[in-house]
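Quick notes on the structure that follows.
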């Protein structure tokens, strides 16, 4: 059940990214202008993508409630595979041989990980002091990446913001696991713990930064970077804070880890596919809004 829900969430995240990019391309947004984000509410494409995103969050939360972080989160890498054909249909994205090969590599790697990976142990939360250290490190890393992105544009800017968004989405997902567990005891219990508020803050920040990444017009790059760093951060937190471990025998672990690395290599290849020809470009030509959806 957790596996199917994770794949369903990945599909919805791909729909959300594609539709939201269409809205961002139609109206244009910038990271330093709140008014540009408000304009997105006028786009039916963007609103539809946001609905898909919220439903995807629900599916992801239920999957995390039924499964381990180190199993559920890596499956979200399939978001980039779903996004490729959607990008061609909705925003006229270019998909070449490198993207197709990368998608095949992603699917192959995740198939190996799903078949041989099985988190046999772990817990639903971690001590507050461990969380504090993890969140400080995440904040410092994201801050450094945003500073490094100041002079970037086009595909490089999309990549920087996608990486930061993926890191924050992964952190938010890990905070969602104890939050959902607390929900079994009632909403009041959830609202009385800091994890819920930290999950909301990191999730909203990730959402905003993803919109900036998508607005650069390189869907595959944006989705691939988010989909890559989201599970990487989630798995690290799962191992270090939740004590999650893959089950024996040892060769199963090796095949599963190899499959995960293979999937990440495929996602990275997709994110870099446009680099050579469009490094200095900003957004591709905007699609003409459909009469009923803009």
(request) Can you work out which of the residues in the range 15-51 that are closer than 29 Å to residue 151 by Cβ and surrounded by fewer than 16 Cβ atoms within 10 Å (Cβ to Cβ) is modelled with the lowest pLDDT? (result) 32
(request) State whether the residues of the range 60-72 include one that is in contact with a helix residue (DSSP H, G or I) (Cβ under 9 Å, 6 or more places away or on another chain), modelled with pLDDT under 80, surrounded by 16 or more Cβ atoms within 10 Å (Cβ to Cβ) and under 16 Å from residue 227 (Cα atoms). (result) yes
(request) Sort through 205, 220 and tell me the only one that's part of a helix (DSSP H, G or I), more than 11 Å from residue 164 (Cβ to Cβ) and touching a helix residue (DSSP H, G or I) at 6+ places or on another chain (Cβ under 8 Å). (result) 220
(message) Consider the range 226-264. How many of its residues are modelled with pLDDT under 85, assigned to a helix (DSSP H, G or I) and surrounded by fewer than 15 Cβ atoms within 10 Å (Cβ to Cβ)?
(response) 1
(request) Could you please let me know if residue 124 is in contact with a strand residue (DSSP E or B) (Cβ under 7 Å, 6 or more places away or on another chain) and surrounded by 13 or more Cβ atoms within 10 Å (Cβ to Cβ)? (result) no
(message) Just the residues that are without any contact (Cβ under 8 Å) to a residue 60 or more places away in the chain and under 26 Å from residue 220 (Cβ atoms), please, taken from the range 126-141.
(response) 141
(request) Answer with yes or no whether residue 162 is under 17 Å from residue 242 (Cβ atoms), assigned to a helix (DSSP H, G or I), in contact (Cβ under 8 Å) with a residue 12 or more places away in the chain and touching a helix residue (DSSP H, G or I) at 6+ places or on another chain (Cβ under 6 Å). (result) no
(request) Consider residue 148 carefully, then state whether it is surrounded by fewer than 19 Cβ atoms within 10 Å (Cβ to Cβ), under 19 Å from residue 57 (Cβ atoms), in contact with a helix residue (DSSP H, G or I) (Cβ under 9 Å, 6 or more places away or on another chain) and in contact (Cβ under 8 Å) with a residue 12 or more places away in the chain. (result) no
(request) Determine, yes or no, whether residue 132 is assigned to a helix (DSSP H, G or I), within 19 Å of the chain's Cα centre (by Cα) and on the phi < 0 side of the Ramachandran plot. (result) no
(request) Output the number of residues of the range 58-86 satisfying the condition of being closer than 13 Å to residue 4 by Cα and outside any helix (DSSP H, G or I). (result) 1
(request) Check 12, 5 and return the single one that is surrounded by 16 or more Cβ atoms within 10 Å (Cβ to Cβ), more than 17 Å from residue 165 (Cβ to Cβ) and at pLDDT 85 or above. (result) 5
(request) Report, ordered by the first and then the second residue, all pairs with beta carbons closer than 6 Å, sequence separation of six or more or different chains, a first member in the range 87-98 that is on the phi > 0 side of the Ramachandran plot and assigned to a loop (DSSP other than H, G, I, E, B), and a second member that is surrounded by fewer than 22 Cβ atoms within 10 Å (Cβ to Cβ) and at pLDDT below 80. (result) 92/287
(request) Give the residue, chosen from 54, 86, 75, that is more than 14 Å from the chain's Cα centre (by Cα) and at pLDDT 80 or above. (result) 86
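The values are calculated or read from the model by the stated rules, or taken from the named source; none is laboratory data. Just so it is clear, the structure is predicted and the values come from calculations on it, not from any experiment. Virtual Cβ from ideal backbone geometry, glycine too; neighbours counted across all protein chains shown.
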